[in-house]
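The block underneath contains the structure these notes are about, expressed in structure tokens.
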Amino acid sequence: MAEAPPGAPVRVGVLISGRGSNMMSLVERADGYEVVLVASDRPEAPGLAWAAARGLPTFALSPRGIGKPAYETAMLEELVRYDVQVVALAGYMRLLTPAFIGTMRGNIVNIHPSLLPLYKGLDTHARALAAGDRVAGCSVHLVTDELDAGRVLGRAEVPVEPGDTPDRLAARVLAAEHSLYPRVLSEYCRR
Ligand code: GRF
């Protein structure tokens, strides 16, 4: 992967699978880094259209039919084409292989909607409510071969309110995600 000239913003590629609200926040609050590519495993991901409308380069490829190795190879080629130095996962719903992570030299970050190490994986808000937690939140972490287990770079807490449903809690956590992710990515890129 490319090295940045000293002082230049770090070149970030964002991977999404859906609406892309975290990607939008990363684009709009970029500081010390620059989003140079938005890519997706789902050509119909709504976030892609938003990025394209902003004039950002986009890339979409479904692994369906071609298999994971060919899919990841093509994705990596695109990241190299744009000299991407750091990959930010933002609602990207696929596991990356150790080969992909190794090619990026571990420079991959993710946002997860729980206070890690609590509630790795899916349905985080329903699990937090079922456990009777009074505090929920989100975490930005490094991506490793183990799901949601890499070093935590930053977390934000939000209160659980009486009568919360998973959707209500998710909306409150999502607002916190939109502040946390650009701030932590900026710190990571300045390290
Ligand atoms: C966010 O809650 C993120 O933490 C999780 O998936 C959701 C993606 O939302 N990994 P968006 O696509 O960024 O709006």
(request) Just give me the residues in the range 136-191 being of a type outside the set (A, V, I, L, M, F, W, C), open to solvent by 30 Å² or more (accessible area, probe 1.4 Å), touching a strand residue (DSSP E or B) at 6+ places or on another chain (Cβ under 6 Å) and within 11 Å of ASN110 (Cβ to Cβ), in sequence order. (result) none
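Given the criteria closer than 19 Å to LEU147 by Cα and either open to solvent by 70 Å² or more (accessible area, probe 1.4 Å) or of a type outside the set (A, V, I, L, M) (or both), does PRO63 qualify? Outline the logic, then answer.
Working: closer than 19 Å to LEU147 by Cα: no; either open to solvent by 70 Å² or more (accessible area, probe 1.4 Å) or of a type outside the set (A, V, I, L, M) (or both): yes.
No.
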(message) Of the conditions (1) over 22 Å from GLU28 (Cβ atoms); (2) out of contact with any Ser or Thr (no Cβ under 6 Å at 6 or more places or on another chain); (3) within 11 Å of the ligand (Cβ to nearest atom), LEU180 satisfies every one except a single condition; which number is it?
(response) (1)
(request) Hey, can you tell me all the residues within the range 62-89 that are in contact with a helix residue (DSSP H, G or I) (Cβ under 9 Å, 6 or more places away or on another chain), assigned to a loop (DSSP other than H, G, I, E, B) and within 24 Å of SER25 (Cβ to Cβ)? (result) VAL84, GLN85
(request) Considering only the range 92-130, state which residues are open to solvent by 60 Å² or more (accessible area, probe 1.4 Å), without any contact (Cβ under 8 Å) to a residue 40 or more places away in the chain and closer than 21 Å to ASP167 by Cα. (result) LEU118, LYS120, LEU122, ARG127, ALA130
(request) Consider VAL87 carefully, then state whether it is within 20 Å of VAL35 (Cβ to Cβ) and either out of contact with any Cys (no Cβ under 6 Å at 6 or more places or on another chain) or surrounded by fewer than 16 Cβ atoms within 10 Å (Cβ to Cβ) (or both). (result) yes
(request) Please enumerate the residues belonging to the range 98-124 that are in contact with a strand residue (DSSP E or B) (Cβ under 7 Å, 6 or more places away or on another chain) and within 15 Å of the ligand (Cβ to nearest atom). (result) ILE108, VAL109, ASN110, ILE111, HIS112, PRO113, SER114, LEU115, LEU116
(request) All but one of (1) within 16 Å of the ligand (Cβ to nearest atom); (2) within 23 Å of ALA175 (Cβ to Cβ) hold for ALA130, so report the exception by its number. (result) (1)
(message) Tally up the residues in the range 22-53 that are within 15 Å of the ligand (Cβ to nearest atom) and either assigned to a strand (DSSP E or B) or touching a His at 6+ places or on another chain (Cβ under 7 Å) (or both), please.
(response) 6
(request) Identify the residue in the range 1-21 that is at pLDDT 95 or above and of a type in the set (D, E, K, R) and, among all such residues, is farthest from the ligand (Cβ to nearest atom). (result) ARG11
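The values are calculated or read from the model by the stated rules, or taken from the named source; none is laboratory data. Small disclaimer: the values here were computed from a predicted structure and weren't measured. Don't worry about glycine lacking a Cβ; one is built from the backbone with ideal geometry, like all the others, and counts go over all protein chains shown. The accessibility values were calculated without ligands, DNA or RNA, using every heavy atom of the protein model including side chains. Shrake-Rupley method; radii C 1.70, N 1.55, O 1.52, S 1.80 Å.
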